[in-house]
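What follows is a single structure, written as structure tokens, with notes after it.
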Amino acid sequence: MYKKLKKLLKFPINFTFKIICLNKKNMEKKILKIIKKKLLKIKKKNINFSKNKKYFSYSITIYFKKFKDIKYIYKKIGKLKFVKIIF
């Protein structure tokens, strides 16, 4: 997956992630902590809740200079306990 994605992207780039997870306390903070650890610049973010507020989707656009940072974000956020999907 990463090889094909890397070929499609030209850097620097604003890249948007969509993260769907259970609506648990501090999930947004955990996601932002991972992003800020790499000193990445957040361009835009948006949160939408499901009808019953059990889940939320988090769209976040980040400015990247290197592909390895995109790969890092996919891996680290994907490992969070209540994250269902990241794309």
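A few remarks follow.
- The calculated FRET efficiency for Lys4 paired with Tyr63, based on their beta-carbon distance and R0 = 22 Å, is about 0.50.
- Value at 222 nm in deg cm²/dmol, rounded to 500, when DSSP H runs of n ≥ 4 in the chain each add -39,500 (n - 2.57): -10000 deg cm²/dmol
- Dipole magnitude for the chain: computed about the Cα centre from +1 point charges on Lys and Arg Cβ and -1 point charges on Asp and Glu Cβ, it is near 260 debye.
- With the simple model of a label 7 Å out from the Cα in the direction of the Cβ, Lys18 to Ile34 spans 1.7 nm.
- Tilt relative to the chain, helix 67-78 - C-alpha long axis, 0 to 90 degrees, to 10: 20
- Compared with the dominant Cα axis of the chain, that is its longest principal axis, helix 27-37 is turned about 20°.
- Measuring between alpha carbons in the structure, the pairs from Lys6/Lys84; Lys3/Lys41; Lys29/Lys66; Lys4/Lys81; Lys29/Lys71; Lys41/Lys65 lying more than 18 angstrom apart are Lys6/Lys84; Lys3/Lys41; Lys29/Lys66; Lys4/Lys81; Lys29/Lys71.
- Carbon and sulfur %, accessible surface of the chain computed with the full protein complex present, 1.4 Å: 54
- Listed residue pairs exceeding 18 Å between alpha carbons, taken from Lys10/Lys37; Lys38/Lys75; Lys33/Lys76: Lys10/Lys37
The values are calculated or read from the model by the stated rules, or taken from the named source; none is laboratory data. Bear in mind that the values here come from a model prediction, so they are computed numbers and not experimental data. All Cβ positions, even for glycine, are placed from backbone atoms using ideal geometry, and neighbour counts span all protein chains on display. When the accessible area is computed, the model is the full protein with side chains, heavy atoms only, and any ligands, DNA or RNA have been set aside. Shrake-Rupley method; radii C 1.70, N 1.55, O 1.52, S 1.80 Å.
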